[in-house]
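The values are calculated or read from the model by the stated rules, or taken from the named source; none is laboratory data. Because the structure is a prediction, the values reported are computed rather than measured. Note: ideal-geometry Cβ built from the backbone for every residue, glycine included; neighbour counts use all protein chains shown. Heads up: the accessible areas ignore ligands, DNA and RNA and are worked out on the full protein's heavy atoms, side chains in. Shrake-Rupley method; radii C 1.70, N 1.55, O 1.52, S 1.80 Å.
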Amino acid sequence: MERPAWAPRSIDISVPSVSRIYDFYLGGSHNFEVDREAARRAMEFMPGLPKVMQANRAFMRRAVRFAAEEGVDQFLDIGSGIPTFGNVHEVARSARPGSRVVYVDHDPVAVAHSEAVLDGDDDAAVVAADLLKPREILASPQVRRLIDLNRPVALLLVAILHFVEDADDPYAAVAELSDALAPGSLLVLTHASYEGIPLSAERAGGAVDVYRDIRNPLIMRSREEIARFFKGYDMVEPGLVPMPRWRPEGSPEDEDPYAFSGFAGVGRTA
């Protein structure tokens with residue numbers, strides 16, 4: 001397999017990556033055949049997976065605009081993935097010029113492309129780090145330079161927590177990050193779930209098995225289990241709902257049925 005010029009030498013291009021699979025679902029070009037093959041295998045069971053990812057992105061943009069309109073001008077996006085048009089810093093600054101953004105990801109391709117996109121941007125940066133190591137994220141030079149934890153921050157955990165197994169205690173990681181935030185901060189979150197998928201759990205489970213096969217288990221949690229991530233937050237209306245139903249700009253009834261696969265919500269610290 002020929003290595004594209006944009007691919008860092010340090011990565012194994014024979015191993016699928018969830019960030020690059022996500023990029024493929026969104027119609028991006030920074031993915032390899034091994035990623036596309038895994039995506040197509042998953043789509044044999046859930047053909048609407050690209051619609052799910054598009055709904056994730058659309059929610060993220062609405063939530064970022066909401067945060068900016070509420071006066072938040074600092075954004076910490078963990079599991080940010082490969083940059084696409086309308087990323088957090090672009091959306092935030094369209095509503096609140098001067099907003100500062102730190103992206104965090106552990107995929108070398110996502111980090112490399114974020115660095116390229118943000119080159120020369122003094123108010124945005126990327127950190128190569130893992131959600132499960134909150135102290136490393138918070139102590140990073142990029143966060144210390146750009147994020148004032150004494151003021152409200154929007155913490156984005158969009159389509160990442162369902163890749164963390166219960167054994168790794170994602171609730172503890174979210175709680176540690178949340179404890180570092182000032183009052184008035186926001187938690188912006190989406191999470192996959194069997195609830196809302198327009199397929200039987202058995203059929204959808206075939207797609208989940210594909211992720212397990214590539215050693216990136218996809219953990220489908222219930223709405224109640226997802227709500228636990230918001231402990232200590234007051235939910236912003238309309239609460240924890242299917243992605244198209246969170247402050248929609250159009251009619252949710254016009255959305256593809258797959259867009260309702262999973263939940264989205266925004267919480268505010270007291």
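Points to keep in mind about this one:
- Carbon-plus-sulfur accessible fraction, the chain (probe radius 1.4 Å, protein heavy atoms only): 48%.
- Coupling constants for the stretch 253-270 follow from the phi torsions by the Karplus curve (6.51 cos²θ - 1.76 cosθ + 1.60, θ = phi - 60°), and in residue order they are 5, 8, 6, 5, x, 5, 5, 8, 7, x, 10, 9, x, 10, x, 10, 6, 6 Hz; glycine and proline get x.
- By a 1.4 Å probe calculation restricted to protein chains, residue 229 has an accessible surface near 10 Å², given to the nearest 10.
- Summarising the amide proton neighbourhood of residue 194: residues at separation of 5 or more, or on other chains, whose placed amide H is nearer than 5 Å comprise 221.
- Cα extents of the chain along the three principal axes, largest first (Å): 46, 42, 37
- Per-residue surface analysis assigns residue 43 an accessible area of about 60 Å², computed on protein heavy atoms at 1.4 Å probe radius.
- Ligands, DNA and RNA excluded, the heavy atoms of residue 89 present near 20 Å² of accessible surface to a 1.4 Å solvent probe.
- In summary, the helical segments of the chain meeting the span-like criteria, namely a full DSSP H run, a Cα extent along the axis of 27 angstrom or more and a mean Kyte-Doolittle hydropathy of at least -0.5, are 49-69.
- For the stretch 127-199 versus the stretch 22-92, the gap between their alpha-carbon centres in whole angstrom: 16
- Along each principal axis, taking the top coordinate minus the bottom one, the Cα set of the stretch 57-182 gives 40, 31, 29 Å in descending order.
- Couplings 3J(HN,Hα) of the stretch 121-135, computed from phi: 9, 6, 9, 8, 7, 10, 10, 8, 7, 10, 3, 6, 10, x, 5 Hz, in residue order, whole Hz [Karplus 6.51 cos²θ - 1.76 cosθ + 1.60, θ = phi - 60°; x for Gly and Pro].
- Summed side-chain charge close to residue 66 - residues other than residue 66 whose Cβ falls under 12 Å, Lys, Arg +1, Asp, Glu -1: +2
- Scattering curve values for the stretch 93-158, log₁₀ I(q)/I(0), Debye with Cα scatterers, q = 0.15, 0.21, 0.26 Å⁻¹: -0.48, -0.95, -1.37
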